[in-house]
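What follows is one structure encoded as structure tokens, with my remarks underneath.
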Amino acid sequence: MEFTEVVRGRRMIRRFRPDPVPDDQLRRLVELGLRAPSAGFSQGWDFVVLSGRDQVEAFWDASADPADDGPDDNWITGLKQAPALILCCSDKQTYLRRYAEPDKPWQDLQESHWPVPYWDVDTGMAAMIILLAAVDEGLGALFFGVPGDQMDTVRRAFGIPDDRGIVGVIALGHPERTAPSGSTRTRRRRPTDDVVHFGRFSAPGTPA
Ligand SMILES: Cc1cc2nc3c(=O)[nH]c(=O)nc-3n(C[C@H](O)[C@H](O)[C@H](O)COP(=O)(O)O)c2cc1C
């Protein structure tokens, strides 16, 4: 597929056919994600790949709010059919240690040097590649977050160390429906001229 076709064709998919995605395909997609850039080439990320009913259901059990015994939202019902999930984890300590190395400036390992949490940013960049790679291979995917209150339960369920952030989860599978879903049904893409500022930031509708 042409690159622009992949980018323009990517949509978050919330309904999947139950057909499995083979492990070697999952590995290939994640390996492409590992080509993402990372600050200082720290690569402070980990990906926990879950495939097959048991592993996927273990995730949904661990991420469920025990206080919420009502029916799932519509999108969650469709999402739960996804045959594979990739938990995208970030590792702040790897960045703090990398930037304490001799070619970097912050030997004191202080997080306060970092105005932006690049460990999360870089993991997100890797996730984006995986989303695009999925489209390129005719699959569909959704990136979604783990509720804050369920982070620890999910970490425990899959042996993820306490100091790792779970930046998000990619649900992967064969799309059942590719029609617009989620917020794109009610919100429009922001016009380029409102968003892209050449030379100087300007408010929408005002000359630069
Ligand atoms: C960080 C992040 C978190 C998201 N979380 C959810 C989510 O919890 N549930 C959901 O249905 N979609 C989620 N989305 C998908 C967005 O709703 C979607 O990307 C947006 O509506 C634009 O649609 P498109 O990606 O299909 O172009 C998330 C996307 C991102 C980037």
(message) Among the residues of the range 72-94, are any under 14 Å from residue 130 (Cβ atoms) and in a helix (DSSP H, G or I)?
(response) no
(request) Go through the range 134-170 residue by residue and tally those that are without any contact (Cβ under 8 Å) to a residue 60 or more places away in the chain and crowded, with 18+ Cβ neighbours inside 10 Å. (result) 2
(request) May I ask you to list the residues in the range 171-201 that are within 10 Å of the ligand (Cβ to nearest atom), in a helix (DSSP H, G or I) and open to solvent by 100 Å² or more (accessible area, probe 1.4 Å)? (result) 185
(request) Please indicate, with yes or no, whether at least one residue in the range 45-61 is in contact with an Asp or Glu (Cβ under 8 Å, 6 or more places away or on another chain), touching a residue at least 12 places away in the same chain (Cβ under 8 Å) and over 25 Å from residue 182 (Cα atoms). (result) yes
(message) Being within 23 Å of the chain's Cα centre (by Cα), at pLDDT 95 or above and within 14 Å of the ligand (Cβ to nearest atom) narrows it down to one residue among 120, 61, 91; which is it?
(response) 120
(message) If residue 112 satisfies all but one of (1) open to solvent by 50 Å² or more (accessible area, probe 1.4 Å); (2) part of a helix (DSSP H, G or I); (3) within 12 Å of the ligand (Cβ to nearest atom), what's the number of the condition it fails?
(response) (3)
(request) Pull up the range 26-56, narrow it to residues that are assigned to a helix (DSSP H, G or I) and open to solvent by 40 Å² or more (accessible area, probe 1.4 Å), then point me to the one that is nearest to the ligand (Cβ to nearest atom). (result) 32
(message) Six or more apart or on different chains, Cβ atoms under 7 Å: show the pairs whose first residue is in the range 106-117 and closer than 14 Å to residue 40 by Cα and whose second is open to solvent by less than 80 Å² (accessible area, probe 1.4 Å) and not in a loop (DSSP other than H, G, I, E, B).
(response) 106/113
(request) Identify the residue in the range 57-97 that is more than 27 Å from residue 45 (Cβ to Cβ) and among the polar types (S, T, N, Q) and, among all such residues, is most open to solvent (accessible area, probe 1.4 Å). (result) 74
(request) Might you check whether a residue that is closer than 30 Å to residue 103 by Cα, under 18 Å from the mean Cα position of the chain (by Cα) and buried (at least 17 other Cβ atoms within 10 Å of the Cβ) occurs anywhere in the range 16-25? (result) no
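The values are calculated or read from the model by the stated rules, or taken from the named source; none is laboratory data. If you're wondering where the values come from, they're calculated on a predicted model, not measured in any experiment. Quick reminder, even Gly has a Cβ in these numbers, built from the backbone with ideal geometry, and neighbours come from all protein chains shown. To get the accessible areas, we keep the full protein, side chains included, count just its heavy atoms, and leave off ligands, DNA and RNA. Shrake-Rupley method; radii C 1.70, N 1.55, O 1.52, S 1.80 Å.
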